[in-house]
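The values are calculated or read from the model by the stated rules, or taken from the named source; none is laboratory data. Everything quoted here is computed from the prediction, not taken from an experiment. Every residue, glycine among them, receives a Cβ derived from its backbone with ideal geometry; neighbour counts consider all protein chains shown.
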Amino acid sequence: MRIHHLNCGTDCPLGGALFDGRSVAPLGRIVCHCLLIETDAHGLVLVDTGYGLHDVAQPHARPDPRITLPWRLMLNIRLRERETAIRQIEALGHRAADVRHIVVTHLDFDHAGGLDDFPNARVHVMRREYDDATGPHTGVVARNRWRRAQLDGVRHWQCYGAQGEGWFGFDAVRDLHGLPPEILMVPLPGHTWGHAGVAIRRDDGHWLLHAGDAYFYRGEMRRARRRCTPGLRAYQRLMEVDATARMTNQERLRALSIERAGELTVTCTHDPVEYERCRAGHPL
Ligand SMILES: [Zn+2]
């Protein structure tokens, strides 16, 4: 099993370091950290997809835009074809058809945009996330975050209910259809109700947990006292469906990242420093 770290989307919100904690320019830089896993017997597996080709070509097509203008402007989303998962996978010498599985942390527009670039893939998702994303939307955030135009082209959905099989004290969904037992989903509700992390056991036994949007900033893990920039604090609060669930799960993850530091690595979707360190093979 080989894991690649891909950035499949860049947002440059006005506010700079108030978002990413390091930019000196007025614009910050937020990434969409996805994983590409080369498995021995199960083909290529993607974890999240970031923005896709159709987002780049026609992000705001009416009447059903893939990305809505208010969110495009708020995050200052840069849409670049070369950053799409499909183009990066091709650059690694594979084809779209080689991607047999996509495991998604959730279906927000910045995670699901590339799904329809992989028509042969089975998309693994928590049932609650699927229902919330495709059902009728109430509220401004729900209407902007989940975009039917990105989801309608998916042919093979595989949905999972909550399961209680433990993973370091968390609930976990094992036995993902067609996937090896080294890849499992860890429900982490709060950002959305159906939000889940994806845990991968590397060949050396070390675990990598892609925590999706369970947290947004590197200072929220691996230290006893949470540190987060004001911009990302506000964005997390805007996007949460439940503050208590989100903060409780984040606290549990923080404890895990300290207590089990030798056994597992926790990374999130949007922190650029975590992404760069993962990509360089450095510990977080
Ligand atoms: Zn996100």
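Results, tabulated for the structure shown:
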quantity	calculated
Test: residue in segment 240-258 that is within 14 Å of the ligand (Cβ to nearest atom), within 20 Å of Ala199 (Cα to Cα) and not acidic (Asp, Glu)	yes
When residues of segment 207-221 are limited to those that are within 15 Å of the ligand (Cβ to nearest atom) and buried (at least 24 other Cβ atoms within 10 Å of the Cβ), the one nearest to Met1 (Cα to Cα)	His210
Residue in segment 257-265 that is of a type outside the set (Ser, Thr, Tyr) and in a strand (DSSP E or B) present	yes
Number of the exception - Gly212 against (1) out of contact with any Asp or Glu (no Cβ under 6 Å at 6 or more places or on another chain); (2) farther than 28 Å from Val141 by Cα	(2)
Strands (runs of 3 or more DSSP E) within segment 121-195 that include 1 or more residues over 18 Å from the mean Cα position of the chain (by Cα)	156-160
In segment 113-158, the residues that are of a type in the set (Asp, Glu) and farther than 19 Å from Arg62 by Cα	Asp117, Glu129, Asp131, Asp132
Residue identified as more than 19 Å from Cys278 (Cβ to Cβ), at pLDDT 95 or above and of a type outside the set (A, V, I, L, M, F, W, C) among His206, His195	His195
In segment 4-22, residue farthest from the ligand (Cβ to nearest atom) [restricted to those that are surrounded by 18 or more Cβ atoms within 10 Å (Cβ to Cβ) and assigned to a loop (DSSP other than H, G, I, E, B)]	Gly16
Among (1) in contact with a Cys (Cβ under 6 Å, 6 or more places away or on another chain); (2) more than 19 Å from Tyr215 (Cα to Cα), the one test that Asp48 misses	(2)
Those residues of segment 28-56 which are surrounded by fewer than 22 Cβ atoms within 10 Å (Cβ to Cβ) and within 14 Å of Arg78 (Cα to Cα), in sequence order	Arg29, Leu53, His54, Val56
Selection from segment 217-245 of residues that are touching a Cys at 6+ places or on another chain (Cβ under 6 Å) and not in a helix (DSSP H, G or I)	Tyr217
Yes/no for Arg147 being within 16 Å of the ligand (Cβ to nearest atom) and basic (Lys, Arg)	yes
Any pair with Cβ under 6 angstrom, 6 or more apart, that starts in segment 266-280 at a residue that is within 16 Å of the ligand (Cβ to nearest atom) and ends at one that is β-branched (Val, Ile, Thr) and modelled with pLDDT of 95 or more	His270/Ile30; Pro272/Val31; Glu274/Thr267; Tyr275/Val31
Residue in segment 115-124 that is buried (at least 24 other Cβ atoms within 10 Å of the Cβ) and within 16 Å of the ligand (Cβ to nearest atom) present	yes
